[in-house]
Amino acid sequence: MNVKTILAAKTFGGDTIGIEPTAKLAAAVTLLATHRIGALVIRGAGGRLAGILSERDIVRALAGQGAEALDVPVGQVMTRDVETCGEDDNVASIMERMTAGKFRHMPVLRKGKLVGLISIGDVVKQRVDEVERESEAMRDYIRTA
């Protein structure tokens, strides 16, 4: 299984919700709540990936600055050093990278262009589905042997 399979199975496919780095953190919070998601892609000049803003980034900003953090531009709070993957990366390696890096969202790039965003939930669901299919195939094999 690879990342392309995960994107194809997602309700919104490769669609990602993003925000400009100059937008206020309060606007990002509203977007996260409205769409019931845990991270936003931050797009810079030319739509390139400039960063990612997760719930954890927001909590850190609020802990450090209080409510005033909501008036700060997203670009000052976002994670700039973003781990990315490609569509052909396998699910096991993505799961390993997310676990080791302790992050839950990963942008998917094709030739340097953003084509989607996957979460650890997407990765785990895909892996569980794969294990269930393998288990069912094994049961079928045993029944016919």
Notebook entry, point to check: Which option, (1) 11, 37, 30, 14, 5, 3, 1; (2) 11, 43, 38, 7, 0; (3) 9, 21, 18, 16, 15, 11, 6, 3, 0, is the value of P(r) over Cα pairs in 10 Å bins from 0, in percent that was calculated from these coordinates?
Noted result: (1)
Next item on the list: Note the angle between two axes, namely the Cα long axis of helix 91-101 and the longest principal axis of the Cα atoms of the chain, as a number of degrees from 0 to 90, rounded to the nearest 10.
Entry: 40 degrees
Checklist line | In degrees, nearest ten, helix 25-35 long axis to first principal axis of the chain (Cα) | finding: 30 degrees
Item checked: Cα-projected label distance for residue 33 with residue 135, points at 7 Å along beta-carbon direction, nm -> 3.9 nm
Next item on the list: Could you tell me the number of lysine pairs in the chain with C-alpha atoms less than 17 Å from each other, where the two lysines are 8 or more residues apart or belong to different chains?
Entry: 4
Checklist line | Using alpha-carbon coordinates, inclination of helix 120-144 to the longest axis of the chain, degrees | finding: 0 degrees
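None of the figures in this text is laboratory data; all of them are computed from the coordinates on show. The structure presented is a predicted model; accordingly, all values stated were derived computationally and were not measured. Backbone-built Cβ (ideal geometry, glycine too); neighbour counts: all protein chains shown.
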